[in-house]
Amino acid sequence: MPPGHNGLMSQGTELGDFLRSRRSRLQPADAGLAPDGRRRRVQGLRRDEVARLAGVSTEYYTRLEQGKSGNISAEVLAGLAGALRLDDTEREHLTDLSSRPPARHASSPPQRVRPGLYRLLETLDHVPAFIFGRRTDVLASNRLARAVITDFDAMPATRRNFARFVLLDPAARDLYPDWEVAATEITAVLRMEAGQRPNDRQLGDLVGELTLRCPGFSDRWNDHRVLRHHHGIKRHHHPEFGELVFAYEVLQIPGDPDQKLCVYNVEAGSRTEEAIRLLGSWTASDSDSADSAV
């Protein structure tokens, strides 16, 4: 089902769609259910099977999928998570979707990066690093991040968004050797954000823009996959140095739960480390030339 006029949908509808998507991916054997001889008319588990596994009535579970539920207890949420074999991120998303949403179409105040964090990025001059906020907005980046990923500082402030870059900028398809994986993951990150802030006007606008402009986005969005980046491996293709491999870490900014620091570490002695060292010297030279021209 496509998003609403503001790119997002009601919390009840989102909860129902998420539950349906999770049960459709499970087969009875996955849930430890023996064949019952009945003809299976749906993909995945039936509603009554999920209800039985979760310890609720079929009627109550049906209301959940129809978006007609009231307050959902922690016990029921735990039962649903177990029945649907949800991972930790999906469990968190389920809790978000079952919570009472904030005021409709709530607007978020602009995010600001405090001066100390800008200085921190400057000290991280040997690896790419950036700070992102709500909706994957890129709030600040160092020279190497701009050289390795893209020059976010050259964009209008309102367009500095990681998801928009990955999904809409043609340069991203050259940057990521497996762009489809990158596109799926960043969509899943936005899905997670939508569960936490269902009435975020700017997020709704972003989802609406991506729905209109990015082929395949609606399919990824409607898959209801969710993802929270903590750490992992990123592979980039650089026009001068070829494949670069980074081990990224995402760190929560103390004092601001909506801001995170992402650092792209490199393995000592690797070809990526040597490439980054050269890129660092090139960007430093370019910066010095620009300063002297002012």
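The values are calculated or read from the model by the stated rules, or taken from the named source; none is laboratory data. Being a predicted model, the structure only gives us computed values, none of them experimental. Here the Cβ is made from the backbone with ideal geometry for all residues, glycine too, and neighbour counts use every protein chain on show.
Which one is farthest from PHE132 (Cα to Cα) among residues in the stretch 262-282 that are within 27 Å of the chain's Cα centre (by Cα), in contact (Cβ under 8 Å) with a residue 60 or more places away in the chain and not in a loop (DSSP other than H, G, I, E, B)? Steps first, answer last, please.
As a first pass, look at the stretch 262-282 and keep what is within 27 Å of the chain's Cα centre (by Cα): 262-267, 272, 276.
Narrowing further to those that are in contact (Cβ under 8 Å) with a residue 60 or more places away in the chain: 262-266, 276.
Filter once more, so that each one left must be not in a loop (DSSP other than H, G, I, E, B): 262-265, 276.
Working: CYS262: 8, VAL263: 11, TYR264: 14, ASN265: 17, ILE276: 22 Å.
Residue satisfying both the conditions and the ranking: ILE276.
Please find, within the stretch 136-172, the residue that is farthest from ALA284 (Cα to Cα) out of those that are out of contact with any Leu (no Cβ under 9 Å at 6 or more places or on another chain) and assigned to a loop (DSSP other than H, G, I, E, B).
Of everything passing the filter in the stretch 136-172, PRO156 is farthest from ALA284 (Cα to Cα).
Out of (1) surrounded by fewer than 20 Cβ atoms within 10 Å (Cβ to Cβ); (2) within 14 Å of LYS260 (Cβ to Cβ), the odd one out for ASP174 is which?
(2)
I want to confirm something. Restricting to the stretch 244-287 and keeping residues that are basic (Lys, Arg) and either out of contact with any strand residue (DSSP E or B) (no Cβ under 6 Å at 6 or more places or on another chain) or over 21 Å from VAL113 (Cβ atoms) (or both), which single residue is surrounded by the fewest Cβ atoms within 10 Å (Cβ to Cβ)?
First, pick out the residues of the stretch 244-287 that are basic (Lys, Arg): 260, 271, 277.
Checking the rest, the ones that are also either out of contact with any strand residue (DSSP E or B) (no Cβ under 6 Å at 6 or more places or on another chain) or over 21 Å from VAL113 (Cβ atoms) (or both) come to 271, 277.
Numbers: ARG271: 14, ARG277: 12.
That would be ARG277.
Which is in contact with a Pro (Cβ under 8 Å, 6 or more places away or on another chain) and either surrounded by fewer than 21 Cβ atoms within 10 Å (Cβ to Cβ) or basic (Lys, Arg) (or both), of ARG197, ARG134, ARG159? It would help to see each step written out before you state the result.
Details: ARG134 fails: in contact with a Pro (Cβ under 8 Å, 6 or more places away or on another chain); ARG159 fails: in contact with a Pro (Cβ under 8 Å, 6 or more places away or on another chain).
Step by step, each of ARG197, ARG134, ARG159 is checked, and only ARG197 is in contact with a Pro (Cβ under 8 Å, 6 or more places away or on another chain) and either surrounded by fewer than 21 Cβ atoms within 10 Å (Cβ to Cβ) or basic (Lys, Arg) (or both).
Quick test of your reading of the structure: ASN199 fulfils all but one of (1) closer than 30 Å to ARG277 by Cβ; (2) at pLDDT below 95. Name the failing condition by number.
Every listed condition holds for ASN199 apart from (1).
Only one of (1) part of a helix (DSSP H, G or I); (2) at pLDDT 95 or above is not met by LEU97, so which one is it?
Here LEU97 meets the rest and fails (2).
When the residues of the stretch 62-91 are narrowed to those that are touching a residue at least 24 places away in the same chain (Cβ under 8 Å) and outside any loop (DSSP other than H, G, I, E, B), which ends up surrounded by the most Cβ atoms within 10 Å (Cβ to Cβ)?
Among residues in the stretch 62-91 that are touching a residue at least 24 places away in the same chain (Cβ under 8 Å) and outside any loop (DSSP other than H, G, I, E, B), the one surrounded by the most Cβ atoms within 10 Å (Cβ to Cβ) is LEU80.
Which residue out of HIS224, HIS238, HIS229 is on the phi > 0 side of the Ramachandran plot and in contact (Cβ under 8 Å) with a residue 24 or more places away in the chain?
Values: HIS238 fails: on the phi > 0 side of the Ramachandran plot; HIS229 fails: on the phi > 0 side of the Ramachandran plot.
Result of the check over HIS224, HIS238, HIS229: HIS224.
Would you check which residues across the stretch 116-145 are of a type in the set (D, E, K, R) and over 17 Å from ALA247 (Cα atoms) and list them?
Initial filter on the stretch 116-145 (of a type in the set (D, E, K, R)): 119, 122, 125, 134-135, 137, 143.
Scanning the stretch 116-145 gives ARG119, GLU122, ARG134, ARG135, ASP137, ARG143.
Being in a helix (DSSP H, G or I) and either touching a Ser or Thr at 6+ places or on another chain (Cβ under 6 Å) or under 20 Å from LEU206 (Cβ atoms) (or both), is that true of even one residue in the stretch 122-135?
Our first condition is that a residue be in a helix (DSSP H, G or I); within the stretch 122-135, this holds for 122-123, 134-135.
Those still in the list that are either touching a Ser or Thr at 6+ places or on another chain (Cβ under 6 Å) or under 20 Å from LEU206 (Cβ atoms) (or both) too: 134-135.
For the stretch 122-135, residues in a helix (DSSP H, G or I) and either touching a Ser or Thr at 6+ places or on another chain (Cβ under 6 Å) or under 20 Å from LEU206 (Cβ atoms) (or both): present.
Could you please give the count of residues in the stretch 200-236 that are exposed (fewer than 15 other Cβ atoms within 10 Å of the Cβ) and either touching a strand residue (DSSP E or B) at 6+ places or on another chain (Cβ under 7 Å) or assigned by TED's automatic domain parsing to the domain that holds ARG20 (or both)?
Going through the stretch 200-236 one residue at a time, the tally reaches 4.
If you scan the stretch 19-61, which residues turn out to be outside any loop (DSSP other than H, G, I, E, B), among the hydroxyl-bearing types (Ser, Thr, Tyr) and either touching a helix residue (DSSP H, G or I) at 6+ places or on another chain (Cβ under 9 Å) or loosely packed, with under 11 Cβ neighbours inside 10 Å (or both)? I'd like the intermediate steps shown before the answer.
First, the residues of the stretch 19-61 that are outside any loop (DSSP other than H, G, I, E, B): 19-24, 28-31, 47-54, 58-61.
So of that shortlist, the ones also among the hydroxyl-bearing types (Ser, Thr, Tyr) come out as 21, 24, 58, 60-61.
SER21, THR58, TYR60, TYR61, listed by residue number.
From LEU121, LEU139, which residue is within 17 Å of the chain's Cα centre (by Cα) and within 20 Å of GLU249 (Cα to Cα)? So that I can check it myself, show each step before the final result.
On the way: LEU121 fails: within 17 Å of the chain's Cα centre (by Cα).
Among LEU121, LEU139, only LEU139 is within 17 Å of the chain's Cα centre (by Cα) and within 20 Å of GLU249 (Cα to Cα).
Which residues, counting only those in the stretch 231-261, are within 19 Å of LEU139 (Cβ to Cβ) and assigned to a loop (DSSP other than H, G, I, E, B)?
ILE253, PRO254, GLY255, ASP256, PRO257, ASP258, GLN259 - these are the residues of the stretch 231-261 that are within 19 Å of LEU139 (Cβ to Cβ) and assigned to a loop (DSSP other than H, G, I, E, B).
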